[in-house]
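Working notes, beginning with the structure itself.
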Amino acid sequence: MIDFRDYPADQPLRIILGAGEQGYPGWIATQREELDLLRPDQWRASFGERRAAAFLCEHVWEHLTEAEGRAAARLCFEYLQPGGYLRCAVPDANFPNPEYQRTVQIGGPGPADHPAADHQIVYAYPLFQEVFAAAGFAVDLLEYCDAAGRLHYHQWDSAQGKIYRSLRFDHRNQGAEINNVSLIVDAFKPII
């Protein structure tokens, strides 16, 4: 378990949830063992009365069922300070690339140790947006494909949370060829 009360009170808490290999300056990287999206008791013990300024979560929500994702959204909402945000990215169900869809499908391809082997859901933007809105967030779509497979991109600041698997940063997107994107949202906790 991690204790966020040990961090300087004058510095905002910016936390990466399910960081894996990610680590960015000014962000606290956490793993499931330290801060599990399905363990409210663990969050209570880790935060006490402190609240985060920002959460960053890349390709984690698809490992939860829809019901678990909704519960995790409510938990993040509870532990964000007013005006704080969660930047969250998942595979996009509307990205029109058959190999991409094969790779991100529920249950994933190949052996049981493949990262997608425990995918529980593949989100399209209306449902993903609604999961966070239902928890109380105001939601901005940053990157997503519509039902016709057209990619929509809204300029976003990577200093506010870098998403590697995105149009801008994924190494698989070279030149005019787009091979990997994410459905990316910013979910803001209202100030009032």
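Structure notes:
- Label zone at residue 97, where the point sits 7 Å out along the Cα-to-Cβ direction: region 148-167 residues whose backbone N lies under 18 Å: 148-154, 163-167
- Segment residue 39-residue 106, length gained on full extension (0.36 nm per residue, minus Cα span): 21.8 nm
- Three-way shape call for region 14-76 based on the alpha-carbon gyration tensor, with the a/c threshold at 1.5: oblate
- Orientation-averaged projection of the chain equals 11.0 nm² [convex hull of Cα atoms, one quarter of hull surface area].
- Modelled spin-label separation between residue 66 and residue 140, with each label point placed 7 Å from Cα along the Cα-to-Cβ direction: 2.8 nm.
- Label sites at residue 174 and residue 78, each approximated as a point 7 angstrom past Cα along Cα to Cβ, lie 4.7 nm apart.
- GNM result for the chain, Cα springs below 10 Å: residue of 99, 177, 58 fluctuating most strongly: 177
- Nearest-0.05 FRET efficiency for residue 157 and residue 5, computed from C-beta distance (R0 22 Å): 0.15
- For the pair residue 117 and residue 51, the difference between a 0.36 nm per residue extended length and the Cα-Cα distance amounts to 20.5 nm.
- Alpha-carbon centroid distance for the pair region 60-78 / region 147-170, whole angstrom: 21 Å
We did not get these values from a lab; they are worked out from the coordinates using the rules stated. None of the values given here were measured: they were computed from a predicted structure. Note: ideal-geometry Cβ built from the backbone for every residue, glycine included; neighbour counts use all protein chains shown.
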